[in-house]
Amino acid sequence: MYAFAKRNVLMAARNVFFVFELAFWPTVGVLSIGLMTRFLDLGPEMTAFLLVGTMALSTVQVCQLDVSYALLFDVWSKSVKHQFLAPVEIRHMALGSWLVGIGRGLTVFGLQALLSWWAFDFDFFEPGVLALGAFLLGCFLTSAVVGLLVCALVLLFGTRAEVSAWATVNLVMVFCGIYYPVSILPEPVSTLAGAFPLTYVLDAFRSHYGFAPEFSHPLLMGFILSALYIGLAHWALAAAVTRCRRTGLLLKLSE
């Protein structure tokens, strides 16, 4: 775990473009949505609804990228076979990189929260420490699921699946209601939205800003689904590794 965590930290420190993931894009996201709320003359409740969605998108995206990088770094350096020859298991790779992702996600959250407070007078800490902690934990669990699935896709389809590291989160957010309540989605899409744990996490956190919850016990449902999906994503990645070895793709992704 420590080895994977240290590698992600070293790679981030040596690559100036990682700054864009931590500072540039989250800042652009908050400013663009915040300025849009001012242009549309939205009230505090609607402003909170949109900024919470923006915060969730950036936090999940940054954290899941670290989980995805646990494999993508080896794909890009043509050393995938060396990683799976080492006496490590998938949980070591996932947990080590996920912990770094949590650290980067908290950095992004702190930056966006400070910017939202300074520019738009919006306090993310108003719901309290417990509510905020549950919201962030839900985002980080979703990140782990997405990151593991991205790793599985790369092992199944090779470098053609790299784009999923950046596209998957945006697809998930369509169903989770990042900028709108899922109740406005047409059937069966609105029903499908209930299969995503982040839908419940957003619903629970937004209830602290005056929005009636759309689901009963949203946090409980969100964490149950997260635990289920993490188990399934771990199994999918393990199965992808086995298939990758059998088909020879593991060698093709290496030198």
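The values are calculated or read from the model by the stated rules, or taken from the named source; none is laboratory data. Keep in mind the model is a prediction, meaning the values are calculated, not measured. FYI the Cβ positions are ideal-geometry reconstructions off the backbone, even for glycines, and counts take in every protein chain you see.
All conditions but one from (1) aliphatic (A, V, I, L, M); (2) more than 30 Å from Ala212 (Cβ to Cβ); (3) free of Cβ contacts under 8 Å to residues at least 24 places away in the same chain apply to Val75; the one that does not is (3).
Can you tell me which residues in the stretch 224-255 are at positive phi and either touching a residue at least 60 places away in the same chain (Cβ under 8 Å) or in a helix (DSSP H, G or I) (or both)? Give the steps one after another, and end with the answer.
So the first thing to find is which residues in the stretch 224-255 are at positive phi, and the list is 248.
Passing the criteria: none in range.
Check the stretch 136-156 and report whether any residue there is surrounded by fewer than 21 Cβ atoms within 10 Å (Cβ to Cβ), modelled with pLDDT under 85 and within 23 Å of Thr54 (Cβ to Cβ). No: the stretch 136-156 contains no residue that is surrounded by fewer than 21 Cβ atoms within 10 Å (Cβ to Cβ), modelled with pLDDT under 85 and within 23 Å of Thr54 (Cβ to Cβ).
Restricting the stretch 176-201 to residues that are within 18 Å of Ile230 (Cβ to Cβ) and in a helix (DSSP H, G or I), which is nearest to the chain's Cα centre (by Cα)? Across the stretch 176-201, the extreme among qualifying residues is Leu198.
Considered as a group, the residues in the stretch 1-34 that are surrounded by 11 or more Cβ atoms within 10 Å (Cβ to Cβ) and not in a helix (DSSP H, G or I) include one that is modelled with the lowest pLDDT, and that residue is Asn15.
Of the residues that make up the stretch 46-58, is at least one part of a helix (DSSP H, G or I), modelled with pLDDT of 90 or more, touching a Ser or Thr at 6+ places or on another chain (Cβ under 8 Å) and within 20 Å of Ser97 (Cβ to Cβ)? Scanning the stretch 46-58 turns up no residue that is part of a helix (DSSP H, G or I), modelled with pLDDT of 90 or more, touching a Ser or Thr at 6+ places or on another chain (Cβ under 8 Å) and within 20 Å of Ser97 (Cβ to Cβ). Residues in the stretch 141-174 that are farther than 19 Å from Thr199 by Cβ, of a type in the set (Val, Ile, Thr) and assigned to a helix (DSSP H, G or I): Val150, Val154, Thr159. Do the conditions hold for Ala204, that is, is it of a type outside the set (Val, Ile, Thr), out of contact with any Phe, Trp or Tyr (no Cβ under 9 Å at 6 or more places or on another chain) and either without any contact (Cβ under 8 Å) to a residue 60 or more places away in the chain or part of a helix (DSSP H, G or I) (or both)? Spelling it out, it is not the case that Ala204 is of a type outside the set (Val, Ile, Thr), out of contact with any Phe, Trp or Tyr (no Cβ under 9 Å at 6 or more places or on another chain) and either without any contact (Cβ under 8 Å) to a residue 60 or more places away in the chain or part of a helix (DSSP H, G or I) (or both).
The set of residues in the stretch 126-140 that are assigned to a loop (DSSP other than H, G, I, E, B) and touching a helix residue (DSSP H, G or I) at 6+ places or on another chain (Cβ under 6 Å) contains only Pro127.
May I ask you to say which residue of Asp121, Asp74 is of a type in the set (Asp, Glu) and at positive phi? If you could, list the steps in order and put the result at the bottom.
Numbers: Asp74 fails: at positive phi.
Going through Asp121, Asp74 in turn, just one is of a type in the set (Asp, Glu) and at positive phi: Asp121.
Of the listed requirements (1) out of contact with any His (no Cβ under 8 Å at 6 or more places or on another chain); (2) surrounded by 20 or more Cβ atoms within 10 Å (Cβ to Cβ), Ala167 misses just one: (2).
Thr37 passes every criterion in (1) within 24 Å of Ala161 (Cα to Cα); (2) surrounded by 19 or more Cβ atoms within 10 Å (Cβ to Cβ); (3) touching a Leu at 6+ places or on another chain (Cβ under 8 Å); (4) not small (Gly, Ala, Ser) apart from (1). Of everything listed in (1) farther than 20 Å from Leu114 by Cα; (2) surrounded by 15 or more Cβ atoms within 10 Å (Cβ to Cβ), the single unmet condition for Met55 is (1). A single member of Arg91, Arg38, Arg104 is assigned to a helix (DSSP H, G or I) and in contact with a His (Cβ under 8 Å, 6 or more places away or on another chain), and it is Arg91. Selection within the stretch 174-226: residues that are among the acidic types (Asp, Glu) and farther than 16 Å from Ala131 by Cα. The member of this set that is surrounded by the most Cβ atoms within 10 Å (Cβ to Cβ) is Glu214.
Could you pull out the residue among Ser58, Ser68, Ser79, Ser97 that is small (Gly, Ala, Ser), touching a strand residue (DSSP E or B) at 6+ places or on another chain (Cβ under 9 Å) and under 25 Å from Val154 (Cα atoms)?
Numbers: Ser58 fails: touching a strand residue (DSSP E or B) at 6+ places or on another chain (Cβ under 9 Å); Ser68 fails: touching a strand residue (DSSP E or B) at 6+ places or on another chain (Cβ under 9 Å); Ser97 fails: touching a strand residue (DSSP E or B) at 6+ places or on another chain (Cβ under 9 Å).
Matching residue, one of Ser58, Ser68, Ser79, Ser97: Ser79.
Kindly indicate whether Gln64 is of a type outside the set (Asp, Glu), part of a helix (DSSP H, G or I) and modelled with pLDDT of 90 or more. Before you say what the answer is, go through the steps one by one.
Working: of a type outside the set (Asp, Glu): yes; part of a helix (DSSP H, G or I): yes; modelled with pLDDT of 90 or more: yes.
It is true that Gln64 is of a type outside the set (Asp, Glu), part of a helix (DSSP H, G or I) and modelled with pLDDT of 90 or more.
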